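Undergrad: Before I ask anything, let me first share the structure, which is written out below as C-alpha coordinates.
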Amino acid sequence: MPTTATPAIPTEAAIPTEVATPTEAATHFRASLRFHTDVADVAAALATPGGPGFVLLDSRSTRSWDQGHIPGAVHLPTALIPEQAPALLDRSVPVVTYCWGPGCNGATRAALALAELGYQVKEMLGGFEYWVREGFGYDTWQGPERREADPLAAPVAGTCGC
(Lines give C-alpha, C1' and ligand atoms only; values in the text may rest on other atoms or scores of the structure.)
Protein backbone atom coordinates (compact mmCIF):
# COMPACT_ATOMS: atom_id res chain seq x y z
CA MET A 1 0.00 0.00 0.00
CA PRO A 2 1.44 3.43 -0.95
CA THR A 3 2.39 5.75 1.86
CA THR A 4 1.99 9.49 1.92
CA ALA A 5 5.17 11.38 2.58
CA THR A 6 5.03 14.03 5.29
CA PRO A 7 6.57 17.33 4.23
CA ALA A 8 9.82 18.09 5.97
CA ILE A 9 9.63 20.81 8.58
CA PRO A 10 12.46 23.33 8.18
CA THR A 11 15.04 23.31 10.93
CA GLU A 12 16.21 26.57 12.45
CA ALA A 13 19.31 26.44 10.25
CA ALA A 14 17.17 26.24 7.09
CA ILE A 15 15.00 29.27 7.90
CA PRO A 16 16.35 32.39 6.20
CA THR A 17 17.50 34.91 8.75
CA GLU A 18 19.56 37.29 6.62
CA VAL A 19 17.32 40.03 5.28
CA ALA A 20 18.21 42.89 2.97
CA THR A 21 18.05 46.42 4.27
CA PRO A 22 15.06 48.46 3.07
CA THR A 23 17.39 50.40 0.74
CA GLU A 24 18.85 47.18 -0.72
CA ALA A 25 15.36 45.74 -1.14
CA ALA A 26 14.10 48.90 -2.88
CA THR A 27 17.09 48.84 -5.25
CA HIS A 28 16.51 45.17 -6.07
CA PHE A 29 12.75 45.49 -6.68
CA ARG A 30 13.16 48.73 -8.68
CA ALA A 31 15.62 46.89 -10.93
CA SER A 32 13.29 43.90 -11.20
CA LEU A 33 10.53 46.15 -12.55
CA ARG A 34 12.93 47.38 -15.26
CA PHE A 35 13.50 43.79 -16.45
CA HIS A 36 10.06 42.20 -15.97
CA THR A 37 6.44 42.90 -16.69
CA ASP A 38 3.37 40.75 -16.15
CA VAL A 39 0.47 39.45 -18.19
CA ALA A 40 -2.07 41.97 -16.89
CA ASP A 41 0.20 44.94 -17.63
CA VAL A 42 0.93 43.63 -21.14
CA ALA A 43 -2.80 43.09 -21.79
CA ALA A 44 -3.56 46.64 -20.62
CA ALA A 45 -0.78 48.08 -22.80
CA LEU A 46 -1.96 46.13 -25.87
CA ALA A 47 -5.46 47.59 -25.40
CA THR A 48 -4.12 51.15 -25.26
CA PRO A 49 -5.19 53.34 -28.20
CA GLY A 50 -2.14 54.09 -30.32
CA GLY A 51 -0.39 50.86 -29.37
CA PRO A 52 1.55 49.57 -26.43
CA GLY A 53 4.91 51.23 -27.10
CA PHE A 54 6.68 47.88 -27.41
CA VAL A 55 6.81 44.79 -29.60
CA LEU A 56 5.56 41.58 -27.99
CA LEU A 57 7.72 38.64 -29.06
CA ASP A 58 6.79 34.96 -28.79
CA SER A 59 10.08 33.04 -28.63
CA ARG A 60 8.60 29.52 -28.90
CA SER A 61 8.67 27.06 -31.79
CA THR A 62 6.31 27.27 -34.76
CA ARG A 63 4.38 24.28 -33.46
CA SER A 64 3.87 26.04 -30.10
CA TRP A 65 2.91 29.28 -31.85
CA ASP A 66 0.28 27.43 -33.87
CA GLN A 67 -1.09 25.84 -30.69
CA GLY A 68 -1.73 29.31 -29.30
CA HIS A 69 -0.19 32.77 -29.11
CA ILE A 70 -1.05 36.27 -27.95
CA PRO A 71 -2.77 38.36 -30.64
CA GLY A 72 -0.42 40.97 -32.06
CA ALA A 73 2.74 39.15 -31.02
CA VAL A 74 5.65 38.69 -33.39
CA HIS A 75 6.84 35.10 -33.75
CA LEU A 76 10.61 34.69 -33.57
CA PRO A 77 11.98 31.50 -32.02
CA THR A 78 14.98 32.10 -29.77
CA ALA A 79 17.39 30.16 -32.01
CA LEU A 80 16.56 32.49 -34.93
CA ILE A 81 16.96 35.79 -33.07
CA PRO A 82 20.59 36.50 -34.05
CA GLU A 83 19.83 35.90 -37.72
CA GLN A 84 16.33 37.40 -38.07
CA ALA A 85 15.84 40.06 -35.36
CA PRO A 86 17.54 42.87 -37.31
CA ALA A 87 15.09 42.41 -40.21
CA LEU A 88 11.99 42.08 -37.99
CA LEU A 89 12.59 44.43 -35.06
CA ASP A 90 13.41 48.13 -34.72
CA ARG A 91 16.16 48.67 -32.11
CA SER A 92 14.47 51.91 -31.02
CA VAL A 93 11.31 50.06 -29.91
CA PRO A 94 11.43 48.04 -26.66
CA VAL A 95 10.69 44.31 -26.90
CA VAL A 96 8.76 42.18 -24.39
CA THR A 97 9.49 38.46 -24.66
CA TYR A 98 7.37 35.50 -23.60
CA CYS A 99 7.48 31.72 -23.83
CA TRP A 100 5.28 28.95 -22.37
CA GLY A 101 5.16 29.89 -18.72
CA PRO A 102 6.94 30.16 -15.40
CA GLY A 103 8.44 26.68 -15.77
CA CYS A 104 10.23 27.70 -18.98
CA ASN A 105 13.21 30.03 -19.29
CA GLY A 106 12.85 30.49 -23.04
CA ALA A 107 11.74 34.11 -22.66
CA THR A 108 14.82 34.77 -20.53
CA ARG A 109 17.09 33.26 -23.19
CA ALA A 110 15.32 35.28 -25.89
CA ALA A 111 15.64 38.47 -23.84
CA LEU A 112 19.36 37.81 -23.37
CA ALA A 113 19.87 37.23 -27.10
CA LEU A 114 18.04 40.47 -27.91
CA ALA A 115 19.92 42.48 -25.26
CA GLU A 116 23.21 41.20 -26.68
CA LEU A 117 22.09 42.54 -30.09
CA GLY A 118 21.40 45.99 -28.62
CA TYR A 119 17.63 45.84 -28.02
CA GLN A 120 15.82 47.22 -24.98
CA VAL A 121 14.01 44.20 -23.59
CA LYS A 122 11.76 42.97 -20.79
CA GLU A 123 10.46 39.51 -19.99
CA MET A 124 6.74 38.89 -19.47
CA LEU A 125 6.36 36.85 -16.30
CA GLY A 126 3.90 33.97 -16.53
CA GLY A 127 4.24 33.54 -20.28
CA PHE A 128 1.53 32.18 -22.53
CA GLU A 129 0.26 29.89 -19.75
CA TYR A 130 -0.73 32.78 -17.50
CA TRP A 131 -2.08 34.79 -20.42
CA VAL A 132 -4.57 31.97 -20.98
CA ARG A 133 -5.13 31.30 -17.26
CA GLU A 134 -5.98 34.95 -16.66
CA GLY A 135 -8.74 34.68 -19.27
CA PHE A 136 -7.25 36.73 -22.11
CA GLY A 137 -8.00 35.81 -25.71
CA TYR A 138 -5.44 34.07 -27.87
CA ASP A 139 -5.06 32.91 -31.45
CA THR A 140 -4.44 29.37 -32.69
CA TRP A 141 -3.99 27.91 -36.14
CA GLN A 142 -7.76 27.31 -36.07
CA GLY A 143 -8.67 30.87 -35.07
CA PRO A 144 -9.29 32.93 -31.91
CA GLU A 145 -9.98 31.26 -28.57
CA ARG A 146 -10.52 32.30 -24.97
CA ARG A 147 -10.94 30.40 -21.72
CA GLU A 148 -12.54 31.55 -18.53
CA ALA A 149 -10.13 32.97 -15.96
CA ASP A 150 -8.67 30.41 -13.58
CA PRO A 151 -9.60 31.59 -10.05
CA LEU A 152 -6.21 30.35 -8.81
CA ALA A 153 -4.41 32.66 -11.24
CA ALA A 154 -6.67 35.70 -11.60
CA PRO A 155 -9.75 37.29 -10.08
CA VAL A 156 -12.92 36.01 -11.73
CA ALA A 157 -14.32 39.55 -11.68
CA GLY A 158 -12.58 42.91 -11.61
CA THR A 159 -8.88 43.40 -11.09
CA CYS A 160 -6.51 42.01 -8.49
CA GLY A 161 -5.66 45.49 -7.18
CA CYS A 162 -1.91 44.85 -7.23
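The values are calculated or read from the model by the stated rules, or taken from the named source; none is laboratory data. None of these values were measured; they are calculated from a predicted model. Glycine gets a Cβ as well: all are built from the backbone with ideal geometry, and neighbour counts include every protein chain shown. Accessible surface areas use protein heavy atoms only, side chains included; no ligands, DNA or RNA. Shrake-Rupley method; radii C 1.70, N 1.55, O 1.52, S 1.80 Å.
Undergrad: Do we find that D90 is of a type in the set (D, E) and farther than 17 Å from E145 by Cβ in this structure?
TA: So D90 passes the test.
Undergrad: Looking for whichever is in contact with a Pro (Cβ under 6 Å, 6 or more places away or on another chain) and either among the hydroxyl-bearing types (S, T, Y) or touching a residue at least 12 places away in the same chain (Cβ under 8 Å) (or both) here; the options are S61, S32. Which one fits?
TA: Result: S61 is the single residue among S61, S32 that is in contact with a Pro (Cβ under 6 Å, 6 or more places away or on another chain) and either among the hydroxyl-bearing types (S, T, Y) or touching a residue at least 12 places away in the same chain (Cβ under 8 Å) (or both).
Undergrad: So, Q67, is that one over 27 Å from A31 (Cα atoms) and in contact with a Ser or Thr (Cβ under 7 Å, 6 or more places away or on another chain) or not?
TA: When the stated conditions are applied, Q67 passes them.
Undergrad: A follow-up question, please. Take the residues in region 62-96 that are under 16 Å from the mean Cα position of the chain (by Cα) and among the hydroxyl-bearing types (S, T, Y), then tell me which one is nearest to G137 (Cα to Cα).
TA: Restricting to residues being under 16 Å from the mean Cα position of the chain (by Cα) and among the hydroxyl-bearing types (S, T, Y), the top hit is S64.
Undergrad: Here's a check for you: in region 98-118, which residue that is open to solvent by less than 20 Å² (accessible area, probe 1.4 Å) and assigned to a loop (DSSP other than H, G, I, E, B) is nearest to T78 (Cα to Cα)?
TA: It comes out as C99.
Undergrad: Has region 142-150 got at least one residue that is more than 16 Å from L57 (Cα to Cα), touching a residue at least 40 places away in the same chain (Cβ under 8 Å) and open to solvent by 70 Å² or more (accessible area, probe 1.4 Å)?
TA: Step one: list which residues in region 142-150 are more than 16 Å from L57 (Cα to Cα), which gives 142-150.
Cutting the leftovers down to touching a residue at least 40 places away in the same chain (Cβ under 8 Å) gives us 144-145.
If we keep only those that are open to solvent by 70 Å² or more (accessible area, probe 1.4 Å) too, we end up with 144-145.
Yes, region 142-150 contains at least one residue that is more than 16 Å from L57 (Cα to Cα), touching a residue at least 40 places away in the same chain (Cβ under 8 Å) and open to solvent by 70 Å² or more (accessible area, probe 1.4 Å).
Undergrad: Output the residues belonging to region 123-141 that are open to solvent by 70 Å² or more (accessible area, probe 1.4 Å) and not hydrophobic (A, V, I, L, M, F, W, C).
TA: Passing the criteria: only E129.
Undergrad: Continuing with the same structure: Using the structure shown, decide if G53 is farther than 25 Å from C160 by Cα, open to solvent by less than 60 Å² (accessible area, probe 1.4 Å), in contact (Cβ under 8 Å) with a residue 24 or more places away in the chain and of a type outside the set (A, V, I, L, M).
TA: Judged against the criteria, G53 is not a match.
Undergrad: Next question, about the same structure. Quick one: how many residues across region 119-140 are part of a loop (DSSP other than H, G, I, E, B) and modelled with pLDDT of 95 or more?
TA: Summing the residues that are part of a loop (DSSP other than H, G, I, E, B) and modelled with pLDDT of 95 or more in region 119-140 gives 5.
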